[in-house]
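Below is one structure; the comments refer to it alone.
The values are calculated or read from the model by the stated rules, or taken from the named source; none is laboratory data. None of these values were measured; they are calculated from a predicted model. Every residue, glycine among them, receives a Cβ derived from its backbone with ideal geometry; neighbour counts consider all protein chains shown.
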Amino acid sequence: MNLNNPNVWEDYAVTVDDVEALTGYDFLSELPEEIQDAIEQRRNQNFIV
């Protein structure tokens, strides 16, 4: 995280696993475990703004 440049939004991108750990929720619990793992561990920073 670059605290010297707070306008770099990519520094704030987190994984679903990160959000689940903070909230205690299991967002994709209905999916098979291997699909959950593939989605939840990914940190996508390829958004077009």
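Things to note:
- Inter-residue pairs, beta-carbon under 9 Å, first free of Cβ contacts under 8 Å to residues at least 60 places away in the same chain and in the range 10-36, second in a loop (DSSP other than H, G, I, E, B) and among the small types (Gly, Ala, Ser), 6+ apart: Gln36/Ser29
- For the range 10-19, filtered to residues that are in contact with an Asp or Glu (Cβ under 8 Å, 6 or more places away or on another chain) and under 11 Å from Asn44 (Cα atoms), the residue that is surrounded by the fewest Cβ atoms within 10 Å (Cβ to Cβ) is Thr15.
- Checklist (1) modelled with pLDDT of 90 or more; (2) surrounded by 12 or more Cβ atoms within 10 Å (Cβ to Cβ); (3) in a helix (DSSP H, G or I) applied to Leu22, failing item: (2)
- Just one of the numbered conditions (1) of a type outside the set (A, V, I, L, M, F, W, C); (2) assigned to a loop (DSSP other than H, G, I, E, B); (3) exposed (fewer than 11 other Cβ atoms within 10 Å of the Cβ); (4) modelled with pLDDT of 75 or more is not true of Arg43: (3).
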